[in-house]
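Engineer: Pasting in a structure now, in structure tokens, and then I'll have a few things to ask.
Nothing in this text is a laboratory measurement; each read-out follows from the coordinates by a stated rule. Computed from a predicted structure; not experimentally measured. For neighbour counting, all protein chains shown are included, and Cβ atoms are generated from backbone atoms with ideal geometry for every residue, glycine included.
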Amino acid sequence: MSGSANDDTTHLEAVLREHTGIFERSCGVLAIAPERSLEDALAAIPHLAYDRSGLADVERLHYTAGSFDAVIGDADALAGATHRPLRELARLLRPGGRLVLRVTSGRAQSCVADLAASGFLVIPAHVDEREQILIGVRGEHAPAAR
């Protein structure tokens, strides 16, 4: 993404504070290839059960279904995956869990469609001229990953 990584992380942290409970209560959070500043911020939250995964691992995540309250990633980076990473990430979320994705504005519309097709209710949480941060809320009956 263009722009400063610090600005991007500030926007993302604001969205996480507003749309998830990870700063207020015990939660399980998975970050997919997080930037260093985000990783440091998440790791510093004492009550957070935080884990991270490199982007290449998204196709081979071996977590139990429903392991996380929130999964954070970059939709543009996930777009290069050879399978359907959103379905795998949906599998990892508890019902009502949040998938928080940063996406360039040019790809936002297709990302919203992909999220909806994967069983998410989609909320645009931050929009500016170069990026959007989308929240995908996993429903009680989100389709199982296959």
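Engineer: If you plug each phi of the range 88-104 into the Karplus form 6.51 cos²θ - 1.76 cosθ + 1.60 with θ = phi - 60°, what whole-Hz ³J(HN,Hα) values come out, in order, with x for Gly and Pro?
Structural biologist: 5, 5, 4, 4, 6, 7, 6, x, x, x, 10, 9, 10, 10, 8, 9, 5
Engineer: If you don't mind, another one. What is the calculated FRET efficiency for Thr10 to Thr64, with r their C-beta to C-beta distance and R₀ = 22 Å, to the nearest 0.05? Before the final figure, lay out each step's value.
Structural biologist: Values: r = 33 Å, r/R0 = 1.48.
Computed FRET efficiency for Thr10 and Thr64: 0.10.
Engineer: Rounded to the nearest 20 Debye, what is the dipole magnitude of the range 19-124 about its Cα centre when Lys and Arg each give +1 and Asp and Glu each give -1 at the C-beta?
Structural biologist: 260
Engineer: Further question: Which trypsin sites (Lys or Arg not before Pro) from the range 24-119 combine a DSSP loop assignment with at most 13 other Cβ atoms within 10 Å?
Structural biologist: Details: sites: Arg25, Arg36, Arg52, Arg60, Arg87, Arg91, Arg98, Arg102, Arg107; in loops: Arg25.
Sparse-neighbourhood loop trypsin sites (Lys or Arg not before Pro): Arg25.
Engineer: Further question on the same structure: How many nm separate the modelled label positions at Ala43 and Arg25, each set 7 Å beyond the Cα in the direction of the Cβ?
Structural biologist: 2.7
Engineer: Compare the peptides 115-121, 71-77, 40-46, 27-33 by average per-residue count of other Cβ atoms within 10 angstrom and give them in order, highest first.
Structural biologist: Numbers: 115-121: 18.6, 71-77: 22.6, 40-46: 13.4, 27-33: 21.0.
Result, highest mean Cβ count within 10 Å first: 71-77, 27-33, 115-121, 40-46.
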